[in-house]
Each structure stands twice: as C-alpha cells, then as structure tokens.
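Taking it in order: structure first as structure tokens, then the write-up.
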Amino acid sequence: MKTIKVNEIDRIFEESGIPHVHLGFYPTPFHKLNRLSRKYGVNIYFKREDLSGPSNFGGNKIRKCEYLLGDALKNGVDYVLTEGGYQSNSAMELAASCRIVGITPELFLYDVLLQGDVTEYRGNLMLDQIMGVKVHYIPRSADEPNDGIEFHGKIHKAMHDRKAELEAQGHKVLIVPAGCACEADFVSHVHNFKEIMLQSERLGFIPDYIYNTTGTGGTLPGLMAGKLMTGAATKIRRISIQTYNPGDMVDYDVIVNRVKHVFNELKLEAPADDVIKAELDVDQGWIGPDYGIPYEESTAAIKEVASCDGIFLDPVYTGKGFAGVLSHIHSGKIPQGSNVVFVHTGGTGALFAERKMVGALQMQ
Ligand SMILES: *Cc1c(COP(=O)(O)O)cnc(C)c1O
C-alpha cells in the first residue's frame with residue numbers, strides 16, 4: 001500500500017471536500033508528565049483533547065462535531081436529537097457545538113446507573129441546564145439491562161416520535177447515535193493522529209504507543225487510519241470502558257469497516273481487512289463492575305495523575321483508561337524507556353457528578 005506523509009494530510013482533507021465547521025481550538029496541547037515519567041521510567045505524554053474548547057469542558061467529541069455538524073449544516077438540518085446516559089459528555093459536547101452553529105439540540109438521556117428520579121442537576125446535566133437545552137429523561141427499571149435491545153428500542157422510539165413531531169412542524173431533524181459515533185465524523189481523529197505525530201517530532205521523538213480510551217469506537221478509526229495511511233511504526237492501543245464482544249455495536253468488524261470508510265472519504269486506497277484487524281490491540285480488563293461505575297484502580301489512577309502532575313482525569317473514561325496504562329507499565333507490556341502518548345479525551349464535567357459516579361474520589 002502506498003503511504004503518505006503526515007504533512008500531506010491537510011491537503012488530502014482539502015481535496016476531499018468533506019464538509020467541516022470550526023468549533024474547537026486546534027492543535028490541542030501536547031506535553032510530557034515529568035514527575036509521573038520519572039517515577040515509572042517511561043516517557044508519558046498527554047494529548048490534551050480535554051482542552052479542545054470551545055467551553056471549559058472540551059473533549060474528543062468536539063473534533064467529531066466539526067465534521068458531523070459541517071455535514072448537518074450542508075443538509076439544512078435545524079434540530080439535532082441525541083442519546084446518552086444522564087451524565088453523557090457526548091450529549092453535552094454536541095449540545096454546546098449545536099449552540100455555536102445555531103442548530104437546536106434535544107437530548108434523550110437515560111438512567112444508566114438506576115438513580116431514579118432526577119432531583120439534583122450535577123456535572124454535565126447541570127451544564128445542559130445552563131445551556132437551556134431540552135432534556136427528555138428516560139427511566140429504567142432494575143430488570144431492564146441498559147444495553148438490552150428492548151431498552152434501546154424504547155429510547156429509539158422516543159427519539160423517532162419526537163423527530164416525526166418536529167418534521168410535521170417543518171423542521172429538518174438529524175438523530176445522532178450515542179457517542180456521536182456516525183459516518184460523517186469517523187475521519188475527524190485523523191487530525192488528532194496528525195497533531196500527535198507533528199508535536200512529538202517537534203519534541204524529538206516518535207511515539208511507541210498511543211493509548212485511547214474507547215467507548216462507542218468513533219475516535220479509534222481516525223487514529224488507526226492515520227497510522228495506517230502514514231505507515232507510522234507507532235502502535236495504537238485501546239482500553240475499553242464498555243464490554244465488547246463479537247457481534248456488539250463496536251466489535252472488530254465494525255471498527256475495520258469504519259477505518260475503511262475513513263480511507264474512502266479521503267479518496268485513498270484502504271488496506272486489506274486483515275491488515276486493519278492486525279492493528280486492533282484491545283484490553284477489556286479495565287471496565288470494572290460496569291459502565292460508569294468506579295473501582296479502586298480507576299480512582300487511584302485519577303488521584304495519582306492529579307497529585308503527581310496536577311491534571312484531572314475523569315471517572316467514566318480516562319481514569320479507567322489510565323488505570324489500564326499503569327497496569328501495562330507494571331506488567332512490562334509498555335517496556336521501560338518507551339515513549340507513550342495517552343489521549344486525554346476529556347469528560348471532566350463528570351468529576352462533579354453524583355456520588356455513584358465519582359465513588360471514593362471525595363475521600364482522602
Ligand atoms: C466519548 C468519550 C470517550 C470514548 O470515545 P469513543 O469515540 O466513543 O470511543 C473517551 N473519553 C471520554 C471522556 C469520552 O467522553
């Protein structure tokens with residue numbers, strides 16, 4: 001397969017004519033965590049997608065929204081509906097992005113953690129309130145699994161009913177899946193990969209590993225495609241925070257197809273399926289009791305990064321992702337002296353969420 005240079009990526013995007021709108025501040029910062037690196041004998045760098053802007057609570061969804069909403073605007077969309085848990089970062093970031101471009105967002109948020117009636121608006125839910133976003137609450141009973149088909153059917157029905165209602169009033173409505181994981185934006189994190197490679201080159205090294213905390217698997221395809229199209233030696237590793245089995249929403253085949261989609265969008269020849277599949281390095285050992293539930297190592301990872309280098313990870317994603325990185329350092333899966341980049345994907349709004357979510361972070 002013919003490879004391209006990292007500095008050709010911008011031109012290839014321009015030539016592809018993919019619709020895009022500016023929302024965040026790019027490139028996001030990139031820097032070394034000096035004390036943690038010294039402590040573990042590994043060079044640990046953070047790619048600060050949490051500082052993407054445009055608000056104080058950025059994250060990896062803003063890059064996605066630049067393409068997702070670029071496409072929506074081109075199609076004349078004036079309402080966006082999306083789903084997520086009560087503390088969804090994705091829903092909050094999409095809502096903020098919609099506010100910037102003048103599209104009206106509505107959120108369908110479900111009770112992942114079985115909290116019952118919402119009596120307090122904390123964390124991202126409070127940010128949604130501050131933006132004046134309409135939220136539809138979808139309750140769940142203890143006998144309904146939160147990843148069950150029946151339950152998802154209930155959420156989708158609520159969104160489709162609302163879509164029909166808005167369309168009857170003459171609106172053009174777009175339904176965005178959980179995590180903003182949609183075809184229009186899988187290309188976005190090729191830019192993230194590009195920035196990491198250019199920023200590390202400027203600091204005089206090539207990353208051995210890039211670690212990404214994966215949920216709906218919308219960030220990973222861009223990172224992987226970037227690696228594959230440039231032929232970089234850097235390995236992309238994924239720590240999952242959601243159970244993931246063959247046949248699930250984000251199984252291997254789904255990711256392979258998304259990577260191929262990125263190549264097609266950029267009018268580049270895609271690698272063979274098995275070449276893409278060989279790049280999938282997944283660790284599912286850090287999910288903990290369930291999505292959104294903290295555990296000892298995830299809490300410890302958040303406290304360690306904050307107390308060593310003054311950076312806050314989040315309880316739902318990056319705390320678990322970094323717990324995975326620390327375990328790979330301890331086990332030697334990350335050898336001493338390696339150059340490791342951890343993508344801080346954001347989510348810090350959830351640090352101010354309810355007790356069930358932040359767990360023992362409040363205690364010394
Ligand atoms: C959504 C999210 C992720 C996961 O990204 P995907 O594209 O869904 O895999 C990771 N970290 C944070 C903070 C997120 O909000």
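Things worth noting here:
- Selection count where residues are away from the ligand (no atom under 14 Å from the Cβ) and in contact (Cβ under 8 Å) with a residue 24 or more places away in the chain, scope region 318-334: 5
- Going through (1) closer than 27 Å to Gly153 by Cα; (2) in contact with a helix residue (DSSP H, G or I) (Cβ under 6 Å, 6 or more places away or on another chain); (3) crowded, with 19+ Cβ neighbours inside 10 Å one by one, Leu36 falls short only on (1).
- Test: Val305 is surrounded by 15 or more Cβ atoms within 10 Å (Cβ to Cβ), within 16 Å of the ligand (Cβ to nearest atom) and not in a helix (DSSP H, G or I): no
- Pairing each residue of region 80-94 that is more than 20 Å from His344 (Cβ to Cβ) with any residue that is among the β-branched types (Val, Ile, Thr), provided the two are 6+ apart or on different chains, yields C-beta distances under 6 Å for Val80/Ile103; Val80/Val176; Leu81/Ile175; Thr82/Val176; Glu83/Ile155; Gly85/Val112.
- Pairs with Cβ under 7 Å, 6+ apart, first in region 292-317 and over 30 Å from Asn146 (Cα atoms), second of a type in the set (Phe, Trp, Tyr): Val305/Phe322; Ala306/Phe312; Ile311/Phe46
- Test for Leu73: is it crowded, with 19+ Cβ neighbours inside 10 Å, more than 16 Å from the ligand (Cβ to nearest atom) and over 15 Å from Ala95 (Cβ atoms): no
- Subset of region 102-128 [surrounded by 12 or more Cβ atoms within 10 Å (Cβ to Cβ) and out of contact with any strand residue (DSSP E or B) (no Cβ under 8 Å at 6 or more places or on another chain)]: Leu114, Gln115, Tyr121, Arg122, Gly123, Asn124, Met126, Leu127
- From the options Ile44, Ile4, residue that is closer than 26 Å to Phe205 by Cα and in a strand (DSSP E or B): Ile44
- Checked against (1) part of a helix (DSSP H, G or I); (2) surrounded by 22 or more Cβ atoms within 10 Å (Cβ to Cβ), Ile12 passes all but a single condition, namely (2).
- Any hit, region 339-354, residues being away from the ligand (no atom under 16 Å from the Cβ), over 16 Å from the mean Cα position of the chain (by Cα), within 23 Å of Thr243 (Cβ to Cβ) and modelled with pLDDT of 95 or more: no
- For region 180-232, residues that are surrounded by fewer than 22 Cβ atoms within 10 Å (Cβ to Cβ) and of a type in the set (Phe, Trp, Tyr) total 2.
- For region 76-92, filtering for residues that are among the hydroxyl-bearing types (Ser, Thr, Tyr) and more than 16 Å from the ligand (Cβ to nearest atom) leaves 1.
- For region 263-277, the criterion of being touching an Asp or Glu at 6+ places or on another chain (Cβ under 9 Å), at pLDDT below 95, in a loop (DSSP other than H, G, I, E, B) and surrounded by fewer than 18 Cβ atoms within 10 Å (Cβ to Cβ) is satisfied by no residue at all.
- Top-ranked residue of region 22-41 - restricted to ones that are out of contact with any Leu (no Cβ under 8 Å at 6 or more places or on another chain) and assigned to a loop (DSSP other than H, G, I, E, B), ranked as nearest to the ligand (Cβ to nearest atom): Gly24
- All positions within region 47-59 that are part of a loop (DSSP other than H, G, I, E, B) and either out of contact with any Phe, Trp or Tyr (no Cβ under 6 Å at 6 or more places or on another chain) or surrounded by 22 or more Cβ atoms within 10 Å (Cβ to Cβ) (or both): Ser52, Pro54, Ser55, Asn56, Phe57, Gly58
The values are calculated or read from the model by the stated rules, or taken from the named source; none is laboratory data. Computed from a predicted structure; not experimentally measured. Heads up, the Cβs are rebuilt from the backbone with ideal geometry, glycines too, and the neighbour counts pull from every protein chain shown.
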